[in-house]
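Read through the structure below, which is laid out as structure tokens, and then see the notes.
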Amino acid sequence: MASRSSTLAAINVVALLVLCGLPVMTEAHTQFGAYNKTCPQAEEIVFKEMTAILAKSPDLAGPVLRLFSVDCLLGGCEGSILLNSTANNTAEKDAPLNKGLRGYDVVDSIKAKLEAACPGVVSCSDVLALAARDSVRITEGPYIPIPTGREDGNRSSAADVAPNSPKPGATVTDLIALFARFNLTAKDLAVLSGAHTIGRAHCSAFSPRLYNFNGSTNASSDPTLDANYTATLRGQCKAGDLATLVDLDPSSGTTFDLGYYRDVAGSKGLLSTDAALLLDADTRAYVLRQANATANQEFFADFAVSFVNMSKIGVLTHHKGEIRRQCSVVNPPSAHSAAPLTAMSAHAVLLATSLISVLALALVL
């Protein structure tokens, strides 16, 4: 009797899964060409829009790339960084550490184009991933095939930002430990830091290295920073300047190349986290090897691998998330409501009924 009851319970569970359209056994994953059938022009639309946007505002390549990395390292590449705050919740984008992020308008613009072409198909998290990928390609970096099929999360909390971000004054050991939480290695850290070859940073992000270093006199600066570079930066960023933007890679700030590594090797890494790469044997070796390289091939190949590794962090698939219609807000409750009985759901009912009959017959036999 107990066996019969257990089997009947199993039948009910299986039937419920089928009726709800859920896979009985599956593994969350993304895949290459996820939109080949549902929106075959999706990646072409993203690339075309990014090309047009960067032609007008080339300085947006870095911010879009950074926006994606921040989203992934805050617990998963599921678009939570794109959500606006509400009356009852302060979102990730409004956390103090994220106030300098840009690129939201770029994502919204591309999403609008995709919604016009394929309504409700391409997620905001995939829009951001593809836009970041194309930021690299358009600035003369490598083309990176990436898996898609991400779904969007519906939670975004500013409280999650600080625990998942480098602390002020973080050591290279701290950075490696942070990356290890996402199964990323010291090499991934050195490689992905190479993204700083494009983009800019606010003076507030590095001014502690220029003035009142370690709480000493206002004239003191970080001794690990090249003296001539320090003087140049002080000319661009006066004490207390929070708004001015400065190239992360002063030698070639709009081209994805090895300039960043040459800067860091020459004590001209703008951020303290850049300079920290020289303080670990593995990351230092990678920096110096790329700084002395005569071609981009190794860095480009490594970046493609590390970028894809990062793009898989905490993805949502198989209906664990949603496809937002607007990237800054979760879908209204009606979007999550059960749909009316369609031909497909009717087929599911028939399938479930047949399955119950077969299993029930097995009980009798």
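The values are calculated or read from the model by the stated rules, or taken from the named source; none is laboratory data. Computed from a predicted model, the values in this text were never measured in an experiment. Virtual Cβ from ideal backbone geometry, glycine too; neighbours counted across all protein chains shown. Accessible surface areas use protein heavy atoms only, side chains included; no ligands, DNA or RNA. Shrake-Rupley method; radii C 1.70, N 1.55, O 1.52, S 1.80 Å.
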Of the residues in the stretch 235-279, those that are in contact with a Leu (Cβ under 7 Å, 6 or more places away or on another chain), in a loop (DSSP other than H, G, I, E, B) and over 28 Å from Tyr143 (Cβ atoms) come to Cys237, Ser267
Listed by first then second residue, the pairs whose first member lies in the stretch 43-69 and is under 20 Å from Leu248 (Cα atoms), whose partner is open to solvent by 50 Å² or more (accessible area, probe 1.4 Å) and charged (D, E, K, R), with beta carbons under 6 Å and at least 6 positions apart or on separate chains, are Pro63/Arg102
Ala61 fails exactly one of (1) farther than 25 Å from Val121 by Cβ; (2) open to solvent by 30 Å² or more (accessible area, probe 1.4 Å); (3) modelled with pLDDT of 95 or more, namely (2)
Would you be able to say whether some residue in the stretch 327-337 is modelled with pLDDT of 50 or more and under 23 Å from Thr171 (Cα atoms)? no
Of the residues in the stretch 255-268 that are open to solvent by 20 Å² or more (accessible area, probe 1.4 Å) and hydroxyl-bearing (Ser, Thr, Tyr), the one that is farthest from Asp59 (Cα to Cα) is Ser267
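With respect to Asp282, determine if the residue is open to solvent by 10 Å² or more (accessible area, probe 1.4 Å), assigned to a loop (DSSP other than H, G, I, E, B) and not hydrophobic (A, V, I, L, M, F, W, C). Talk me through it step by step, then tell me what you get.
Details: open to solvent by 10 Å² or more (accessible area, probe 1.4 Å): yes; assigned to a loop (DSSP other than H, G, I, E, B): no; not hydrophobic (A, V, I, L, M, F, W, C): yes.
Criteria not met by Asp282.
In the list Ala293, Ala304, which residue meets the criterion of being within 30 Å of Gly153 (Cα to Cα) and open to solvent by 20 Å² or more (accessible area, probe 1.4 Å)?
On the way: Ala293 fails: within 30 Å of Gly153 (Cα to Cα).
Exactly one residue qualifies, and that residue is Ala304.
One line per residue, one yes/no per condition, for (1) surrounded by 20 or more Cβ atoms within 10 Å (Cβ to Cβ); (2) in contact (Cβ under 8 Å) with a residue 12 or more places away in the chain; (3) closer than 22 Å to Tyr286 by Cβ:
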residue: Leu184; (1), (2), (3): yes, yes, yes
residue: Leu189; (1), (2), (3): yes, yes, yes
residue: Leu192; (1), (2), (3): yes, yes, yes
residue: Ile198; (1), (2), (3): yes, yes, yes
residue: Ser204; (1), (2), (3): no, yes, no
residue: Leu210; (1), (2), (3): yes, yes, no
residue: Phe213; (1), (2), (3): no, no, no
Here the residues within the stretch 168-193 that are farther than 16 Å from Thr273 by Cβ, more than 16 Å from the chain's Cα centre (by Cα) and at pLDDT below 95 are none
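Table: residues versus (1) within 30 Å of Ala276 (Cα to Cα); (2) touching a residue at least 12 places away in the same chain (Cβ under 8 Å); (3) assigned to a helix (DSSP H, G or I).
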residue: Arg102; (1), (2), (3): yes, yes, no
residue: Val107; (1), (2), (3): no, yes, yes
residue: Lys111; (1), (2), (3): no, yes, yes
residue: Leu114; (1), (2), (3): no, yes, yes
residue: Ser125; (1), (2), (3): no, yes, yes
residue: Leu130; (1), (2), (3): yes, yes, yes
residue: Val136; (1), (2), (3): yes, yes, yes
residue: Pro166; (1), (2), (3): yes, yes, no
* **Boolean, Gly76 is open to solvent by less than 40 Å² (accessible area, probe 1.4 Å) and either more than 29 Å from Ser157 (Cβ to Cβ) or aliphatic (A, V, I, L, M) (or both)** => no
>> Would you confirm whether or not the stretch 157-170 contains a residue that is in contact with a Leu (Cβ under 9 Å, 6 or more places away or on another chain) and of a type in the set (S, T, N, Q)?
In response: yes
Next on the checklist: Quick check on the stretch 280-287. Is at least one of its residues over 14 Å from Gly259 (Cα atoms) and basic (Lys, Arg)?
Outcome noted: yes
Does the stretch 229-246 include one or more residues that are of a type in the set (Asp, Glu) and under 25 Å from Ala61 (Cα atoms)?
yes
May I ask you to verify whether Asp174 is surrounded by fewer than 18 Cβ atoms within 10 Å (Cβ to Cβ) and of a type outside the set (Gly, Ala, Ser)?
yes
Within the stretch 228-254, the residues that are open to solvent by 30 Å² or more (accessible area, probe 1.4 Å) and of a type in the set (A, V, I, L, M) are Ala231, Ala239, Leu242, Ala243, Leu245
